[in-house]
1. Could you check region 24-35 and list, in sequence order, the residues that are open to solvent by 10 Å² or more (accessible area, probe 1.4 Å), at negative phi and either in contact with a Pro (Cβ under 7 Å, 6 or more places away or on another chain) or away from the ligand (no atom under 14 Å from the Cβ) (or both)?
2. Are any residues in region 49-60 in contact with a Ser or Thr (Cβ under 9 Å, 6 or more places away or on another chain) and either open to solvent by less than 10 Å² (accessible area, probe 1.4 Å) or away from the ligand (no atom under 11 Å from the Cβ) (or both), and if so, which ones?
3. For region 156-166, check the following and say yes or no: at least one residue is free of Cβ contacts under 8 Å to residues at least 60 places away in the same chain and not β-branched (V, I, T).
4. Any idea which residue in region 68-93 is farthest from I119 (Cα to Cα), counting only those that are more than 16 Å from the ligand (Cβ to nearest atom) and in contact (Cβ under 8 Å) with a residue 60 or more places away in the chain?
5. Would it be correct to say that L154 is open to solvent by less than 40 Å² (accessible area, probe 1.4 Å) and within 16 Å of the ligand (Cβ to nearest atom)?
6. Yes or no: Q127 modelled with pLDDT of 95 or more, in a helix (DSSP H, G or I) and open to solvent by less than 50 Å² (accessible area, probe 1.4 Å)?
7. Cβ-Cβ distance below 6 Å, separation of 6 or more or different chains: which pairs start in region 24-36 with a residue that is of a type in the set (D, E, K, R) and end on one that is assigned to a helix (DSSP H, G or I) and open to solvent by less than 20 Å² (accessible area, probe 1.4 Å)?
8. Taking the stated definitions as given, is A40 away from the ligand (no atom under 13 Å from the Cβ) and of a type in the set (G, A, S)?
Amino acid sequence: MINDKVHKLLNEQITNELYSGYLYQAMAAYFEEQDLPGFAVWYTAQAQEEVIHAFKFYNHLIERGARIELGAIEKPPVEWDSPLAAVEAALEHEKKITADINRIYEAADETKDYASRPILDWFVDEQIEEEDNATTNVQKLRMVGDKGNGLYMLDKEMGARPITSPELAAKVPTE
Ligand code: OFO
């Protein structure tokens, strides 16, 4: 039987992960407006990954016979001051998600909810990668600046990230 506190936090994390997807899709749309289609591809792929994260928690609760309670998803921003400001905001967001996962981990430990451990361990590892990727994007964009050939090449590189759904991929312009 799942502990109430952990149950509530896991339910909230479904919504948090869906918000991550919403935020990154909003960033993808912003990058399209900025004529950075490669960045738009990268953040669309990231948005899809976040939906998968939400479903990992969803499926975990279903498997444990625990009720799903989806929360309201906040409206993400429409624009940022610059592409660099957007990728910096993505990094800050990932740090917040790491803190969320750590909070659930602590609650699971406190309440001896050992059945939550494997999925939380997976997310602890995943957050190392998420923060690393977000940091790399910030560093690369700082390095190339906001104009010129460097930015063009970086945008091409970002656009090489595969998109999970071929249907969506067909709709995301890469040129
Ligand atoms: Fe779900 O890892 Fe990013 O937010």
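The values are calculated or read from the model by the stated rules, or taken from the named source; none is laboratory data. In this text, all values refer to a predicted model and were calculated from it rather than measured experimentally. Glycine gets a Cβ as well: all are built from the backbone with ideal geometry, and neighbour counts include every protein chain shown. Just the protein is used for accessible areas: all its heavy atoms, side chains included, with ligands, DNA and RNA removed. Shrake-Rupley method; radii C 1.70, N 1.55, O 1.52, S 1.80 Å.
1. A26, A29, E32, E33, Q34
2. Residues satisfying the conditions are E50, H53, A54, H60.
3. Among the residues of region 156-166, at least one is free of Cβ contacts under 8 Å to residues at least 60 places away in the same chain and not β-branched (V, I, T), which makes the answer yes.
4. Here the answer is S82.
5. No: the conditions fail for L154.
6. Against the criterion (modelled with pLDDT of 95 or more, in a helix (DSSP H, G or I) and open to solvent by less than 50 Å² (accessible area, probe 1.4 Å)), Q127 qualifies.
7. Within 6 Å, the pairs are E32/A40.
8. Considered against the rule, which asks whether it is away from the ligand (no atom under 13 Å from the Cβ) and of a type in the set (G, A, S), A40 comes out as yes.
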